[in-house]
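Engineer: One structure, pasted below without further comment.
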Amino acid sequence: MEISTVNHSFNDAIRQIVQLFFDIAEDIKVKSVLEEDGFNLIAFAEIFVNDKKGTGKATAKITAERRFVSDLIKKSVSLACREISDMPSPWGISTGIRPAKEARRMLDEGKTDIEILSFLEQEMWITEEKALLSLDVAKREKEILKNKRENGASIYVGIPFCPTRCAYCSFISQAVAHNEKFIEPYVKALIKEIEATAKLCEKRGDSIETIYFGGGTPTALSVQNLRTLIDAVKKNFDVSNLREFTVEAGRPDTFTEEMVSMLYDSGVKRISINPQTMNDKTLKLIGRCHSASQTVDAFKMAKKYDFSINADLIAGLPEENAEDFKYTMDELLKLEPDAVTVHTMYLKRAARLIDEFSKYRFVTEANSMVSYAKLKLEENGYNPYYLYKQKNTLGNLENTAFAKSGHECLYNIYIMEEVQTIFALGGGASTKIVKDGEISRIYNPKDAADYIRRIDEITEKKGFLNSPDRKKAKLFNE
Ligand code: SF4
């Protein structure tokens, strides 16, 4: 994308808006000009995409606030894009990953619901439906965060293995069958990192509030390996004040009676069983290699224990229409999960699907799917409490987590709101140390083989996080 600007340098803001409407691989040129006439700031935009041209103009009273100048430019570019694109933009000029952030900020400032909604709709150009969702989530998050511990911290353990790789996967996960040789060394490396990180945590005086085993699919490991890892966390960290312990069981084809009872006996309180869809045809198409009846069986097994169960769904899967999604939603409700997370189909470059894109038919009714999900979930006592956006989703839609009261995932909120230290362990995991409002991050190598090979370096660098020489830990980012 070629961007030229006159009288400003908000190139990133322009790029973020253009990406809502077009694939950046297209031939795109944008020209943006900022002018003033003594009273008003005027932003002009021209966009050329292949052989089409769009123009936009936005005007506002002169203000010194950088943020409002950036928004003005975004509006002019958004208008230009809309002239030549049919892509909906329900979130207007909001381009961040946390669409509830503005509403939260305004709630903290003591603004009323009406003030917040009118700002979101009139200034951010967010649709009424999404503005209401955003405010609803912001209120619930605010309530949940009231009980967050001051010295609390969370542990994330990443298991980058799955039974098979889904067609749309953009994670670093690898199929177990092709990576058997890495599994034992990976578990050993993780144990080293658990031991080193626990020492760091003890020195810092953090109190572990939540544990989250994610991935990948942690239950793709053998029962014994997963138990070893859970035991290592419980033995090395002080978990006496734990409030939440989640394991993403993810793929129903990894569920066995033995696995479920081990998780329960190990103190896991929350699991996620992710059907994504209840249509077998789609499951086959996206390479999930399990059936809807395996999801039903997994629920039956899990329901014998006192778990809080979350289920993930995807709206807009290839070849699915609104009726297919409705069927999935209705079938899932019969299984009575405690929480449901509704994702919108996400077409990231890493996914195999992008190469085969032309083979599949993607619907334009993704918004009606997420609206249906919200309606049905609210009718059945679930409330939205967590919201995020990714780039390249169908219809520029969001991902929303709904839960029955008391079943909200604390870890998800803490990580999204960046309000708590997260000790992240494993390949591709990123540790986030929150101290005095400042956040330091260190990233583990993404590739499992690289992670295993560099484990001693990783544990050594993590030790520096608590020393005056914190920069040495940052070296690890390179
Ligand atoms: S289960 Fe999740 S992490 Fe695993 S391959 Fe599928 S999308 Fe990727």
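The values are calculated or read from the model by the stated rules, or taken from the named source; none is laboratory data. Model, not experiment: these values are computed from the prediction. We place every Cβ from the backbone using ideal geometry, glycine too, and count neighbours over all the protein chains shown.
Engineer: Report, by residue number, each residue of region 165-211 that is more than 26 Å from the chain's Cα centre (by Cα), within 16 Å of the ligand (Cβ to nearest atom) and free of Cβ contacts under 8 Å to residues at least 24 places away in the same chain.
Structural biologist: 177, 178, listed by residue number.
Engineer: A follow-up question, please. Pick out the one residue from 102, 121, 143 that is more than 22 Å from residue 69 (Cβ to Cβ), of a type in the set (Asp, Glu) and in a helix (DSSP H, G or I). Spell out the reasoning first.
Structural biologist: Numbers: 102 fails: more than 22 Å from residue 69 (Cβ to Cβ); 121 fails: more than 22 Å from residue 69 (Cβ to Cβ).
Criteria check complete, one pass: 143.
Engineer: Quick one: residue 175 ticks every box in (1) of a type in the set (A, V, I, L, M, F, W, C); (2) outside the structural domain of residue 316 (by TED's automatic domain parsing); (3) surrounded by fewer than 18 Cβ atoms within 10 Å (Cβ to Cβ) bar one, so which box is it?
Structural biologist: (2)
Engineer: Within region 245-284, how many residues turn out to be surrounded by fewer than 19 Cβ atoms within 10 Å (Cβ to Cβ), outside any loop (DSSP other than H, G, I, E, B) and not polar (S, T, N, Q)?
Structural biologist: Number of matching residues: 8.
Engineer: Being more than 25 Å from the chain's Cα centre (by Cα) and more than 16 Å from the ligand (Cβ to nearest atom): is that true of residue 279 here?
Structural biologist: Working: more than 25 Å from the chain's Cα centre (by Cα): no; more than 16 Å from the ligand (Cβ to nearest atom): yes.
So residue 279 fails the test.
Engineer: Something else now. Among the numbered conditions (1) within 16 Å of the ligand (Cβ to nearest atom); (2) under 16 Å from residue 175 (Cα atoms), tell me where residue 222 comes up short.
Structural biologist: For residue 222, the failing item is (1).
Engineer: Give the number of residues within region 448-478 that are modelled with pLDDT under 90 and part of a loop (DSSP other than H, G, I, E, B).
Structural biologist: Number of matching residues: 5.
Engineer: Another question about this same structure. Exactly one condition in (1) of a type outside the set (A, V, I, L, M, F, W, C); (2) in contact (Cβ under 8 Å) with a residue 60 or more places away in the chain; (3) within 16 Å of the ligand (Cβ to nearest atom) is not met by residue 291; state its number.
Structural biologist: Evaluating residue 291 over (1) of a type outside the set (A, V, I, L, M, F, W, C); (2) in contact (Cβ under 8 Å) with a residue 60 or more places away in the chain; (3) within 16 Å of the ligand (Cβ to nearest atom) leaves (2) as the failure.
Engineer: Limited to region 232-260, what total is found for residues that are away from the ligand (no atom under 16 Å from the Cβ) and either within 20 Å of residue 159 (Cα to Cα) or free of Cβ contacts under 8 Å to residues at least 12 places away in the same chain (or both)? It would help to see each step written out before you state the result.
Structural biologist: Taking region 232-260 as the starting set, the residues that turn out to be away from the ligand (no atom under 16 Å from the Cβ) are 232-245, 256-258, 260.
Add one more test, that the residue is either within 20 Å of residue 159 (Cα to Cα) or free of Cβ contacts under 8 Å to residues at least 12 places away in the same chain (or both), and what stays is 232-237, 240, 244-245, 256, 258, 260.
Counting residues in region 232-260 that are away from the ligand (no atom under 16 Å from the Cβ) and either within 20 Å of residue 159 (Cα to Cα) or free of Cβ contacts under 8 Å to residues at least 12 places away in the same chain (or both) gives 12.
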